[in-house]
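One structure is given here, and the rest of the page talks about it.
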Amino acid sequence: MVKQGHYAKASRQKKLRQLKQRHQVHADRTIDYAAVSEFLLVRYHLTQAKRQRPVMRKTMQRFMTQWLAEATANGALSWSVTTITKQTLQQFNRQLPWQGYALLQQELLAWQAFMVKEVPAVPLDERLQVTDLLTTATITTVISEQLAINTLLGMFGDNQAKLAQVTTAQVQQLQAGLVTATTIDWTKVASLVAPVTLSADTQAASMQTWVAQLNELTPNDFIS
């Protein structure tokens with residue numbers, strides 16, 4: 001009985017040590033909030049890059065980098081996908097050629113599925129959540145709205161006086177003209193949105209290469 005009692009005590013101590021070790025391992029695997037963006041970018045590359053053609057891969061990498069910068073700017077734990085996507089497109093404005101927006105329209109639902117799965121699994125002490133998800137309709141809306149704004153930016157350039165006079169109704173009217181049925185008419189977009197040109201003195205070579213690859217795409221590349 002003494003041996004049995006000693007064994008039972010030793011067994012309980014062993015289990016307690018194992019539980020403590022498992023808890024410590026879990027604690028060691030958590031990351032700081034500042035590392036969230038890099039964590040998700042690496043996960044995205046590992047799980048999605050192989051199926052994407054190079055120009056799509058580069059576009060999504062840049063989009064996601066900016067998206068995560070917007071999402072984590074204030075330390076929020078709840079991310080509205082629709083709101084942050086709109087903010088991200090506003091940051092890109094005319095710096096992203098229309099072909100980049102066309103690629104985003106093709107890929108955003110697949111990207112969102114990745115985010116829905118991976119964001120809550122990020123090993124933080126307090127877990128993240130994604131809300132206000134995109135639909136096919138909202139993707140068309142947010143992208144066509146930004147393309148309408150980009151068209152006006154291209155028309156008025158740096159003329160702040162004219163830009164200040166632009167009304168929401170004007171943006172909506174132009175936006176409606178870019179949409180046929182329930183999708184964006186990329187032929188119309190290509191005819192209205194001015195091409196993006198970058199100065200070699202102010203942009204990295206990788207940026208120049210990426211924009212050049214985008215500018216090679218035509219509306220026929222986006223006919224489903």
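The values are calculated or read from the model by the stated rules, or taken from the named source; none is laboratory data. Only a predicted model underlies this, so the values are computations on that prediction, with no experimental measurement involved. So basically every Cβ, Gly included, is an ideal-geometry build from the backbone, and we count neighbours across all protein chains shown.
For (1) part of a helix (DSSP H, G or I); (2) modelled with pLDDT of 95 or more; (3) under 22 Å from Val55 (Cα atoms), each residue gets a yes or a no:
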{"residue": "Ser144", "(1), (2), (3)": "yes, yes, yes"}
{"residue": "Gln170", "(1), (2), (3)": "yes, no, no"}
{"residue": "Pro195", "(1), (2), (3)": "no, no, yes"}
{"residue": "Ser206", "(1), (2), (3)": "yes, no, yes"}
{"residue": "Thr209", "(1), (2), (3)": "yes, no, yes"}
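What residue, among those in region 69-100 that are among the aromatic types (Phe, Trp, Tyr) and modelled with pLDDT of 95 or more, is surrounded by the fewest Cβ atoms within 10 Å (Cβ to Cβ)?
Trp79
Hey, can you tell me all the residues within region 69-90 that are of a type in the set (S, T, N, Q), assigned to a helix (DSSP H, G or I) and under 12 Å from the mean Cα position of the chain (by Cα)?
Thr82, Thr83, Thr85, Gln87, Thr88
Out of Leu103, Leu134, Leu40, report the one residue that is in a loop (DSSP other than H, G, I, E, B), crowded, with 16+ Cβ neighbours inside 10 Å and modelled with pLDDT of 95 or more.
Answer to the selection: Leu134.
Can you find even one residue in region 152-162 that is closer than 22 Å to Leu109 by Cα and either of a type in the set (A, V, I, L, M) or modelled with pLDDT under 90 (or both)?
No, that holds for no residue.
Considering only region 109-131, state which residues are among the charged types (D, E, K, R), assigned to a loop (DSSP other than H, G, I, E, B) and crowded, with 16+ Cβ neighbours inside 10 Å.
none
When only residues in region 43-56 that are surrounded by fewer than 16 Cβ atoms within 10 Å (Cβ to Cβ) and of a type in the set (Lys, Arg) count, which is nearest to Ala212 (Cα to Cα)?
It comes out as Arg53.
Hey, Ala113 hits all of (1) touching a residue at least 40 places away in the same chain (Cβ under 8 Å); (2) under 19 Å from Gln48 (Cα atoms); (3) of a type outside the set (Phe, Trp, Tyr) but one; which does it fall short on?
(1)
Scan (1) within 21 Å of the chain's Cα centre (by Cα); (2) of a type in the set (Val, Ile, Thr); (3) farther than 30 Å from Arg43 by Cα; (4) not in a helix (DSSP H, G or I) for the single condition Val166 breaks and write down its number.
(1)
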